[in-house]
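To start, the structure under review is shown below, and the notes come after it.
The values are calculated or read from the model by the stated rules, or taken from the named source; none is laboratory data. Since we're looking at a predicted model, the values are computed, not measured. Cβ placement follows ideal geometry from the backbone for every residue including glycine, while neighbour counts extend to all protein chains displayed.
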Amino acid sequence: MSDRPSDSQERGKPVPFRGGGFLPKPKKIIAPIVFIVLIGLWELGTRTGMISPLILPAPSEAFGAFMDLVNSGLLWQHLAASLQRLLIGWFSGTMLGILVGTLIGLFSLARSGMQPLVSAIFPIPKIALLPLFVIWFGIGEGSKVATILFGTFFPTVIATYGGIDNVDRGLIRMGQSFGLSRISIITKIILPGALPAILSGARISAAIAIILLVAAEMIAAEFGIGAYILLAGSLMATDQLIAGVAILSCLGLVFAWLIGRAEKYFLKWRA
Amino acid sequence: MDLSLRHISHRYDEVEVLRDISLEIGQGQIVCIIGPSGCGKSTLLRMIGGLERPTSGEVLQLGEPPAGCLNPLTYIFQDFALLPWRTVEGNISLVLEDHALDGAAREKIIADVLARTKLSDFRKAYPRQLSGGMKQRVAIARALSVRPAVLLMDEPLSALDSQTRELLMDDLVELWEKENYTAAYVTHNLAEAVRLGHKIVVLSRRPGEIRDIVEIDMPLSARTGENAELEAVQKRLWTLMRDEARAADMELLDE
């Protein structure tokens, strides 16, 4: 008995390889290169006059506007005002969303009562409700925070009850079979099981919060990145506008990174 | 503590699942329930542990569970049902946390059951790091930690490969030799049933009725290797089941 290939017979040809692929892997250096090349081309375009400065200011000009903002000390005032609104609005919207989402995920009455309501209100652009928010919550911080709160509340609700619906029923039955109390089953089985979905909901709602920041600061805001962008826009100061937008984009990156850290920490069991 | 099933019948809407099942599960006995797939044996097990209510009939506890028993009717599931976000010790601690035990007492139980299932080195491991056999060992350790009066096992070895199954079956036998636990053991594997069962209940296809009850007097420790008597029993069980299994195989799953 032998598995040795017989030399005497003809060579035959190798079986063609058809596996592999379909597994994109993140390569760390690519992203910065893409950014640098794009910005470089843009700068080059404006320097050579291919792109008229009226249409799009050069990145260096936008950076200049940003440095003006830093040097005047206004950046921190804008950032502080915006961050405060963002954090209060996003945090309370997310907390309320998790609460209501959990109720919908757990109780038939809440589900039948609130799910259609959520579906009906979620698609309404919160910007359209801005005047109402001003009437309800005043022209000050209240209406701005409320806009962000409402905007982040609904996606969180949907992510939360979706996550709860997807918790393995076998685990819940296991909890019941060991006589765990209802509250234990909710806090130790259902909520941890829904956490991955809640965190990916948080990613989406963080982006929505930043989008709505500009809308919220349309209403009589003295400071704030959104207010800065809107002012730049109405003065056609496109360099300032680009600088402001870049700040928002960086905020988005920071938020995404923070949530990524939270995912790494809370979901280390998934690996 | 004994369990007694009295005239259990069950139907889901129009579909009759179980019909008039009466059965005794005596202290220290392993009762295997076998039957073709879809015959309602897992449903029956859920009723024995109070996870589902039969349409008619009742499951009675005869006598009191032994002192110190935290959860008299305790399951071991086919898919292990371990929380992936808790370590081995966390999964065991989960079922103890709702009982009035102080930290030291809980720690003592955990260390004890881990030692009994030879898992002490894996305390801090997450389920994803464990093989199927190890996961089921953790589930067994978790079940033992609440000092059950009756173990309810729902195809506990069916998700494992055949070598692991052999090993775990030996563990279950060894454990029974030491502790004489009472168990209801649902399986579709006849070899498992003759290896572990003191009493083997054969269910018919849906609606599940008891076709036969086979008792095997041979002690569990003697049931190793080639054994003519056991093979005869297994053959007899298979003739009882073959036609049922074939007919069940041809049925549509959900109607």
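Worth a mention:
- Cross-chain or 6+ apart pairs with Cβ under 7 Å, segment B:86-104 first and surrounded by fewer than 18 Cβ atoms within 10 Å (Cβ to Cβ), then at pLDDT below 95 and in a loop (DSSP other than H, G, I, E, B): B:99/B:70
- Residue that is farthest from residue B:246 (Cα to Cα) [pool: residues in segment B:207-223 that are surrounded by fewer than 17 Cβ atoms within 10 Å (Cβ to Cβ) and acidic (Asp, Glu)]: B:217
- Against the list (1) at pLDDT below 90; (2) over 16 Å from residue A:87 (Cβ atoms), the condition residue A:216 fails is (2).
- On the stretch given as segment B:175-206, residues that are surrounded by fewer than 19 Cβ atoms within 10 Å (Cβ to Cβ) and either closer than 18 Å to residue B:77 by Cα or touching a Pro at 6+ places or on another chain (Cβ under 7 Å) (or both) total 3.
- Qualifying residue in segment A:187-208 (condition: closer than 30 Å to residue A:53 by Cβ and touching a residue at least 24 places away in the same chain (Cβ under 8 Å)): no
- Single match in B:179, B:174, B:244 (criterion: at pLDDT 85 or above and of a type outside the set (Ser, Thr, Tyr)): B:174
- If you go through segment A:221-236 and pick out every residue that is among the hydrophobic types (A, V, I, L, M, F, W, C), crowded, with 18+ Cβ neighbours inside 10 Å and out of contact with any His (no Cβ under 8 Å at 6 or more places or on another chain), you end up with 4.
The rows are residues; the columns are (1) more than 14 Å from the chain's Cα centre (by Cα); (2) assigned to a helix (DSSP H, G or I); (3) on the phi < 0 side of the Ramachandran plot.
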| residue | (1), (2), (3) |
| --- | --- |
| B:152 | no, no, yes |
| B:157 | no, no, yes |
| B:164 | yes, yes, yes |
| B:191 | yes, yes, yes |
| B:200 | no, no, yes |
| B:205 | yes, no, yes |
| B:211 | yes, no, yes |
| B:224 | yes, no, yes |
| B:231 | yes, yes, yes |
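- Among (1) within 14 Å of another protein chain (Cβ to nearest Cβ); (2) in contact (Cβ under 8 Å) with a residue 24 or more places away in the chain; (3) buried (at least 22 other Cβ atoms within 10 Å of the Cβ), the one test that residue A:166 misses: (3)
- Among the criteria (1) small (Gly, Ala, Ser); (2) more than 14 Å from every other protein chain (Cβ to nearest Cβ); (3) free of Cβ contacts under 8 Å to residues at least 60 places away in the same chain, the one residue B:68 does not fulfil is (3).
- For residue B:169: the one exception among (1) part of a helix (DSSP H, G or I); (2) touching a residue at least 12 places away in the same chain (Cβ under 8 Å); (3) more than 13 Å from the chain's Cα centre (by Cα): (3)
- The residue that is nearest to the other protein chains (Cβ to nearest Cβ), counting only those in segment B:19-55 that are loosely packed, with under 14 Cβ neighbours inside 10 Å and in contact (Cβ under 8 Å) with a residue 40 or more places away in the chain, is B:55.
- Cross-chain or 6+ apart pairs with Cβ under 7 Å, segment A:244-257 first and of a type in the set (Phe, Trp, Tyr), then surrounded by 15 or more Cβ atoms within 10 Å (Cβ to Cβ): A:255/A:206
- All of B:151, B:144, B:82, B:130 fail the test of being closer than 26 Å to residue A:195 by Cβ, within 13 Å of chain A (Cβ to nearest Cβ) and crowded, with 22+ Cβ neighbours inside 10 Å, apart from B:82.
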